[in-house]
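Scroll down for the structure; my scribbles are underneath it.
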């Protein structure tokens, strides 16, 4: 579903930023991992901060991937109801499921925010003087964005602007 209206540019910009961040981070991870392997096997050295950075990057890639999956409504789902129910009931079921998903993600975003806030108060350092809360900040942001996207999916399904059934399933 393509965005229309006053927020269309904002949504497209967000999509570009998400895609660019995911690709850039994956490229940095690959290059850094290769550099680590080279340094360890050839120079008998390594970058002390690289392994913790790579672990944090895996978290960020997972969360960015989840936001992109929500954007495409491509999360893993067992959705027998929309396949076999009549159109009106399938639409109602799709709206309820999308709103339920949004609610769960909103609750997780709230508790992730509390977690990150507490981490900031503790002053924990993740690696190379980078605060742990900064590494974990992707969690509340990503879950809030996923929640928002599922609210929009529910509105799209309810208004008929978004199909209930996924194509090719």
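Just one of 28, 48, 34 is closer than 24 Å to residue 132 by Cβ and loosely packed, with under 12 Cβ neighbours inside 10 Å; which is it? Walk me through it before giving the result.
Details: 28 fails: loosely packed, with under 12 Cβ neighbours inside 10 Å; 34 fails: closer than 24 Å to residue 132 by Cβ.
One residue alone meets the criteria, 48.
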Could you list, ordered by first residue, the pairs with Cβ atoms under 6 Å in which the first is in segment 12-30 and on the phi < 0 side of the Ramachandran plot and part of a helix (DSSP H, G or I) and the second is at pLDDT below 95 and surrounded by fewer than 11 Cβ atoms within 10 Å (Cβ to Cβ), at least 6 apart or interchain? none
Within segment 63-94, count every residue that is touching a residue at least 60 places away in the same chain (Cβ under 8 Å) and either closer than 30 Å to residue 25 by Cβ or part of a loop (DSSP other than H, G, I, E, B) (or both). 8
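Picking from 143, 100, which residue would you name as being surrounded by fewer than 16 Cβ atoms within 10 Å (Cβ to Cβ), farther than 24 Å from residue 50 by Cα and at pLDDT 90 or above?
Details: 143 fails: surrounded by fewer than 16 Cβ atoms within 10 Å (Cβ to Cβ).
On inspection, the qualifying residue turns out to be 100.
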If a residue has to be in contact (Cβ under 8 Å) with a residue 60 or more places away in the chain and part of a helix (DSSP H, G or I) to count, how many in segment 43-62 make the cut? 5
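Determine which member of the set 137, 132 is surrounded by 14 or more Cβ atoms within 10 Å (Cβ to Cβ) and out of contact with any strand residue (DSSP E or B) (no Cβ under 6 Å at 6 or more places or on another chain).
Numbers: 132 fails: out of contact with any strand residue (DSSP E or B) (no Cβ under 6 Å at 6 or more places or on another chain).
That would be 137, the only listed residue that is surrounded by 14 or more Cβ atoms within 10 Å (Cβ to Cβ) and out of contact with any strand residue (DSSP E or B) (no Cβ under 6 Å at 6 or more places or on another chain).
The values are calculated or read from the model by the stated rules, or taken from the named source; none is laboratory data. Just so we're clear, the structure is a prediction, and the values are computed from it rather than from any experiment. Every residue, glycine as well, gets a Cβ built from its backbone with ideal geometry; the counts of neighbours run over all protein chains shown.
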